[in-house]
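For reference, the structure discussed in these notes is given below.
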Amino acid sequence: MKKFKVQNLKSNIESGFTLIEIVLGVLIFSMVIAAVYTTFRTGLMVYRSGTSMKTVYVSSRAVVDIVQPDLRSICGIEETFYDVPPPPPPEQGAESTTYGEDTIIIDETSYSRNPYPFSGNTATVSFYCIQETPVFHKSLLREQIVALRYYLDGKTLLRERAEITSARTGPGIAIVEEIADQLVSFRIRYGYFKENKWNWVEDWDSRLDKYRHPREPVEDSELNSPQTVPIRIYPDLLPEAVEFTFSIQETESGKKPVIHEFQLIAKIPTAKPSW
């Protein structure tokens, strides 16, 4: 009779995890990783959105804090109207008709003799204003006339500043600084009050008589008449208000761009209606 040796099978079985335990462990680990990633991604998006919003409001506030004081300190243009008389009749034997010595010949596109004109259109505006700048120390300030120009270069609003009456840097030296960035749209308009209502136009030249006192058309018969009506020159001078309308796009706005629109209306205290 053969004898069989019974081996201890339990000693040959190695300890370990079952398939269900492994699947559950991987699932729990994946859920933890997904939660951590979602939290990190949400925090990063909130940070980027906050940074982008900060950039937008910093740019818009710079426009308000810089442009508005500049416009409110514009050099006042006097209400000077000119009635230029016709040239005196020619003397006998004279070849051409000339104006008298006390008559000022004013160019067709430059009526006013004011040395500090105001001009602009929908994309740029230039004017002169009075600002306080330090002479030697910050505590010692001096008022001087400064030439300013605002214009758009691509998506950036720039401010060009040139000191006119400064003995420190000399006249005509322009300094360009960036005011706002990421501008999607930009428009300037000019307002004046007439007939109990505000009128807004897209261009302005303080030396012309285009809006406040527009000239009536002169017929050819009046031009050929020996008794010519004196040239009437009433310059528009300064507008009573300037409107800046612009929109800024967020730099980190995802797939859909987020655009914020702003409007600034600054009244010019030195402007006079002249009605």
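See the values below:
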item	result
Full-stretch length increase - GLU243, ILE175 - with 0.36 nm per residue and alpha-carbon distance subtracted	22.1 nm
Label-to-label distance, nm, for residues given as VAL258 and VAL58 (7 Å Cα→Cβ offset)	1.7
Additional length obtainable on full extension of the chain from LEU27 to ASP153, 0.36 nm per residue less Cα span	39.9 nm
Contour minus Cα-Cα distance for GLU132 and TYR37 (0.36 nm per residue)	28.8 nm
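Only the coordinates and a few stated rules stand behind these numbers; no lab work does. On a predicted model such as this, the values are computed, not experimentally measured, just so you know. Positions of Cβ are generated from backbone atoms using ideal geometry, with glycine treated the same way; all protein chains shown enter the neighbour counts.
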